[in-house]
Amino acid sequence: MSAVTFAPPERSNSALSLASGQFLGNRAALVSFVCFVLITVACLAAPLIAPYDPVAISLSDKLQAPGMAHWLGTDYFGRDVLSRVLYGGRVSLMVALLVVVASTLVGVPIGLLAGFAGGRVDNALMRIMDAFLTFPPLLLAVAIVGVLGPSIENVMLALALVRVPVFARIVRSSTLSIREETYVKAARVLGSGWVRILVTHVLRNAIAPIVVQITIVFAGAIVSEASISFLGLGAQPPSPSWGRDLNEARRFLEDAPWLLFGPSIAILVSVLSVNFIGDGLRDALDPRAWQTLRRATARGSAAQGATPGRSQ
Amino acid sequence: MFPTRRAKLFTPTRRSFLAGAGAFAAATQFPIPAIGQGKKDLVYGGFGAGYSNLNPLQRTDNAAGIIMRNVFDALVRPDYAAQRVVPELAVEWSRPDALTWRIKLREGVKWHKGYGEMTAEDVVYSWMTCLQDKCFQTGTALFPLESIKADGKYVVEAKMKQPFGAFPGVTMGYGGNIICKAAHQEMGNAYNLTPIGTGAFQVEQASSNEIIVARNSDYWNPNQPQLDRIVFRAIPDSQVRLQSLERGELDFISQPDTKDVEEIKSNDDLVYTSTPGWVWDYQQFCLKGNDGMAFQDKRVRQAISYAIDREAIVKEIYNGEALPTDYTIPPGFMGYKKGPLRYPKNGDLAKAKELMAAAGVSGYEVEVICSDKDWLRRELELVAAMVSQIGITYKIRNLDIGSFNNLWLNKNFQQHLEDITIVAPDTDATCWWFYHSQGNVTAGYDNPEMDKLLDEARASSDTDERIGLYDQVTSVALEDQPLVIHCNPNLIRAYRKGLQGFEPGPQANAEWFKDARWS
C-alpha cells in the first residue's frame with residue numbers, strides 16, 4: 001500500500017513562480033523590461049560608453065547633423081547629443097527612483113495606519129492627503145519648486161510630496177479590506193502586536209497594488225521631471241537633462257530638428273517601457289490569473305498522470 | 001456630367017468638414033492683422049516672466065520699466081540723438097550756487113483718474129519717500145541730496161551734500177519719475193501695480209503677466225498720445241514672442257532671439273530695428289559676506305576676465321548684435337573708448353592660468369545666479385564652459401527676476417551674470433553706483449581711491465577734467481575687476497509694418513509710444 005503524504009503548503013514560492021510565469025508570458029511586458037534594463041544600464045554606464053563629455057562646448061562643431069562622429073548630432077554649443085541623452089537619463093532615472101522610494105516610504109505607512117486604525121486617525125490623515133489631491137500634481141510640484149527654488153533636489157522633493165497621497169490612498173483601501181480577513185482576526189486573538197499584524201499580514205497582502213503603483217509613479221516621475229526641467233525649474237545648466245534639452249531643441253525646430261529625437265525618444269521609450277512593465281506586473285500579481293494558470297498547469301499535469309503535492 | 005460634378009462639389013466629406021472647421025477655427029483664433037486706418041491699439045510682447053511693480057521708486061526690472069515709462073513722465077527725458085536731456089515735467093533748472101538746484105515745473109500737468117494737478121509737493125514727496133525708504137534709486141541721482149523743499153506750487157529747490165554737475169541728467173533715471181502724493185498715500189501697496197502717473201497712458205487693467213494701458217485724455221501735450229490702448233504681455237520665451245508677432249497676435253516685440261534676426265529681416269510685414277544699447281552684460285562678485293571665496297583675490301577676478309572669450313559671446317549669443325567690451329562706459333558716453341581696453345576680446349587662457357597660480361587657487365566651485373532672460377541663461381552656460389578651463393566650476397541657478405533682484409539688491413549671492421541698462425546719459429550713471437563704496441549695487445567693493453575719483457568726477461563741471469577722472473576710474477576698475485564686463489548688446493525690436501512714430505532708443509527699459517500711430 002502506498003502512503004499518501006501531504007507536502008507543506010509552498011504558497012509564497014508558488015505565488016512567486018506563478019507571478020513570474022505570468023509576467024514572462026506577457027510579451028509586451030517582457031520586451032519592455034528588456035528595453036528598460038538596457039536604458040538603465042546604458043545610462044548608468046554613461047561615463048564608460050558616452051563618446052564625449054556631455055558639457056564640453058565645441059563651438060566649431062555646433063548644430064551638426066547626425067553622423068559617424070556624432071550619432072545623434074550636436075547642439076547649439078557643439079555638445080554631443082548622444083552623450084547628453086545618456087547622462088541626462090541618469091538624472092531622470094535617479095529622480096524617478098528617489099521619488100518612488102520616498103513617496104512609498106512615507107505614503108505606505110500613512111495608508112497602513114489610516115486603514116488599520118480607522119476613526120479619527122483615518123479621518124485626519126486622509127483629509128490631509130485629500131488636500132494634496134485637490135491640486136493637479138504637476139501644478140503643485142511646479143508651485144513647490146517655485147517656492148523652494150529651481151534645483152533637481154527640490155524637484156525630487158516636490159514630486160515625492162505630491163505622490164505620497166497616491167500610495168496612502170491605495171494602501172489604506174487595501175488595508176480596510178485586509179483587516180477584516182479571518183487570519184488578521186486570528187492574529188489579534190493570538191495576541192500579535194499591531195505593528196506585527198500590519199507588517200506581517202496586512203502589508204504582505206497589500207503588496208501587489210503597491211508594486212503596480214510603483215511602476216505608474218516611476219513613469220509619471222520621469223515625465224514630470226522632464227516637464228519641470230522643460231520649464232527651467234529642474235536640472236540647472238549645463239547639466240544634461242531630457243526635459244531641458246528638449247526645451248533648447250525647440251529653438252532649432254526648423255534648423256536642426258534632430259535635436260528633438262534623442263531626448264524625446266528616450267522619454268518615450270523609458271515611460272512606455274515602465275508602463276508596460278506595470279501592466280505586466282498587474283496581470284502577473286492578479287490571483288485570478290493565477291487560478292487560470294493553476295488550472296492550466298493542473299490539466300497539463302493530469303494529462304501526464306502526476307498529482308502535485310503527492311508522492312508515492 | 002455637370003450635375004454630377006456639382007453634386008460632388010457640395011458633398012460634405014470628413015476631410016472637407018475638418019478642413020472647413022480648421023479654417024473657421026484659424027479665422028476666429030488668429031485675428032487677421034488689422035493694419036491701416038482705424039487701428040488704434042497696440043499689442044506688445046515683452047521679455048521677462050511677469051510684471052510685479054510699476055512704481056518708479058521701487059521697480060527694478062527692465063520689462064516693467066518699459067510700461068512704467070509710458071505711465072509716468074519724468075522731470076527730463078533723453079534726446080538720444082543729441083545725447084542730452086530735454087525738458088519734460090521740469091521746464092527749467094538753474095544752479096544759483098554750487099550746491100543748490102532750482103527746478104521749475106510744467107504747469108497744468110494732471111494726474112491720471114482725477115487726482116488733480118502735479119505740483120512741487122509731489123516732487124518733494126517722491127524724493128523724500130525715496131530717501132526715507134532707502135529705495136533702489138537712493139544710490140543714483142538722489143544720494144547726494146541734503147534737503148528738498150517746495151518754493152511755491154511749481155518750483156522745487158534741492159540742496160546737495162556735494163557739488164553734482166550731472167544732477168539734471170542723472171534724474172532722468174527712475175528718481176526723476178514723480179509719483180502722486182495723494183494717490184500713493186491713499187492706495188498704499190496697490191499703487192505699485194496700478195499706479196497713478198502723469199504719462200500719456202494710464203493703467204486700465206493689471207495682472208502679473210498682462211497690463212493694459214489706455215490713452216490719457218488729459219495729457220498735457222494735446223497731440224499725444226495717438227494710440228487708444230496698449231496691451232503689454234509678458235512672454236519670457238523669445239521664440240514664442242516672434243511666432244506670436246508673425247501670426248498677428250502681437251504688433252510689437254522686444255528682444256527676439258538673435259538667431260531669428262534674418263527671418264525677421266526677410267519678413268515683408270515686419271520692421272526690424274537694432275540699436276546699440278546703453279547696456280552691458282556682466283558678472284558681479286559679491287565681495288560682502290563671502291569671506292572665504294577665492295574671488296576675494298583680485299587676481300582670481302582678473303583670471304576670470306582673461307578666461308572670457310568676449311567675441312565668442314558676441315557671435316554665439318548675440319549673433320553679432322553686440323560689441324565686446326571690458327569696461328562700463330558704453331558707446332556715445334563721455335569718456336568712451338572702443339573696447340576691450342585690457343582683456344583681449346578672445347581671452348588669454350595662459351595669462352588666466354598664470355594669475356590663478358599666482359593667487360594659489362587651483363580651482364573652486366561657486367554659485368552663479370541669473371535672471372529669466374533666456375539669452376543671458378545661454379550666455380552663462382557659455383561663460384561657465386570658458387571659466388571651467390581655469391578650474392572654476394559655476395554652479396548655475398536660474399531665477400525669476402523678482403527672486404534675482406531680491407538676492408542681488410540684498411547682497412545675498414556669491415556671483416551673478418546679468419545685463420543692465422544705464423538709466424541716464426551721463427557717465428556718472430555708468431560708474432558711480434557700481435563702483436562707489438556707497439553705491440547700493442556695489443556688492444561690497446570698497447576702494448577709497450575709486451571713491452575719491454568718482455566723487456571728484458561727480459563734483460566737476462569741466463568736461464575735460466571729468467573725462468580724465470573717468471579714465472582713471474576705468475583703469476582702477478580694470479585692475480580690481482569687481483565687475484567683469486562682457487559686451488554692449490544692441491537692442492532689437494520688431495514690429496508690424498504700418499506702425500509709425502516709434503523711436504528705437506538705446507535703453508532696454510524705455511520704449512515710448514506717445515507718438516506711435518498706425519498709418
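The values are calculated or read from the model by the stated rules, or taken from the named source; none is laboratory data. Model, not experiment: these values are computed from the prediction. So basically every Cβ, Gly included, is an ideal-geometry build from the backbone, and we count neighbours across all protein chains shown. Ligands, DNA and RNA are excluded from the accessible area calculation, which covers all protein heavy atoms including side chains. Shrake-Rupley method; radii C 1.70, N 1.55, O 1.52, S 1.80 Å.
Tabulated data
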read-out	value
Dimensions in Å of segment A:43-105 - Rg and Dmax from alpha carbons	14.3, 48
HN-Hα J in Hz across segment B:68-85 - Karplus 6.51, -1.76, 1.60, θ = phi - 60°, x for Gly and Pro	4, 5, 8, 9, 10, 8, 10, 4, 9, 10, x, 9, 4, 5, 8, 6, 8, 9
Rg/Rh ratio calculated on Cα atoms of segment B:76-182 (Kirkwood radius)	0.94
Long-range HN-HN contacts of B:Arg84 with modeled amide H, under 5 Å	B:Asp79
Relative intensity, log₁₀ I(q)/I(0), of segment B:279-490 from a Debye sum that treats every alpha carbon as a point, q = 0.16, 0.18 Å⁻¹	-1.07, -1.38
Segment B:Gln296-B:Arg84, length gained on full extension (0.36 nm per residue, minus Cα span)	72.5 nm
Alpha carbon centroid spacing (whole Å) that separates segment B:322-373 from segment A:138-205	54 Å
Exposure rank, largest accessible area first [B:Trp93, B:Trp111; 1.4 Å]	B:Trp93, B:Trp111
Hz values of 3J(HN,Hα) by residue in segment B:307-314 - Karplus curve (6.51, -1.76, 1.60), Gly and Pro given as x	6, 7, 8, 5, 5, 5, 4, 4
Compactness of segment B:144-191 - radius of gyration and Dmax, Cα, Å	13.3, 37
Shape of segment A:97-238, Cα gyration tensor, a/c cut at 1.5	prolate
Share of Cα-Cα pairs in segment A:21-293 lying beyond 34 Å, as whole percent	31 percent
Where labels lie 7 Å past Cα in the beta-carbon direction, separation of A:Ala298 and B:Asn209 in nm	6.1 nm
Gain on full stretching of the segment that runs from B:Thr273 to B:Val476 - 0.36 nm per residue minus C-alpha separation	69.5 nm
Per residue accessible area of the protein assembly as shown, 1.4 Å probe, in Å²	44 Å²
Local net charge near A:Asn154, Cβ-Cβ under 12 Å (Lys/Arg +1, Asp/Glu -1)	-1
Protection proxy ranking, peptides B:71-77, B:424-430, average beta carbon neighbours within 10 Å, highest first	B:424-430, B:71-77
Residue among A:Thr134, A:Thr215, A:Thr40 with the largest mean-square fluctuation in a Gaussian network model of chain A, springs linking Cα atoms under 10 Å	A:Thr134
Whole-Hz ³J(HN,Hα) from phi, Karplus 6.51 cos²θ - 1.76 cosθ + 1.60, for segment A:221-227, glycine and proline x	5, 4, 5, 5, 4, 4, 5
Paramagnetic reach from A:Leu30 (point 7 Å along Cα→Cβ, amide N under 15 Å) across segment A:245-279	A:277
Over the protein assembly as shown: helical MRE at 222 nm, DSSP H runs n ≥ 4 each giving -39500 (n - 2.57), nearest 500	-14500 deg cm²/dmol
Whole-percent carbon and sulfur share, accessible surface of chain A, 1.4 Å	67 percent
Separation of the A:Ser58 and B:Leu409 label points, Cα + 7 Å toward Cβ, nm	4.6 nm
For the protein assembly as shown, projected area of the alpha-carbon convex hull averaged over all directions, nm²	52.9 nm²
Summed buried accessible surface, chains A and B, 1.4 Å probe, nearest 100 Å²	1500 Å²
Estimated distance in nm for a label pair at A:Ile207 and B:Lys338, the labels positioned 7 Å out from Cα along Cα-to-Cβ	7.7 nm
Formal net charge of residues neighbouring A:Val85 (Cβ-Cβ distance under 15 Å; K, R +1; D, E -1)	-2
Shielding by partners - mean other protein chain Cβ count within 10 Å, residues of A:245-252	2
Extended-chain gain in nm, criterion 0.36 nm per residue less alpha-carbon gap, A:Ile49 and A:Ala131	25.0 nm
Counted charge near A:Ala28, where neighbours are those whose Cβ lies closer than 11 Å (Asp, Glu -1; Lys, Arg +1)	-1
Zone of B:Ser217's modelled label, taken as backbone nitrogen in segment B:159-203 under 14 Å from a point 7 Å along Cα→Cβ	B:202
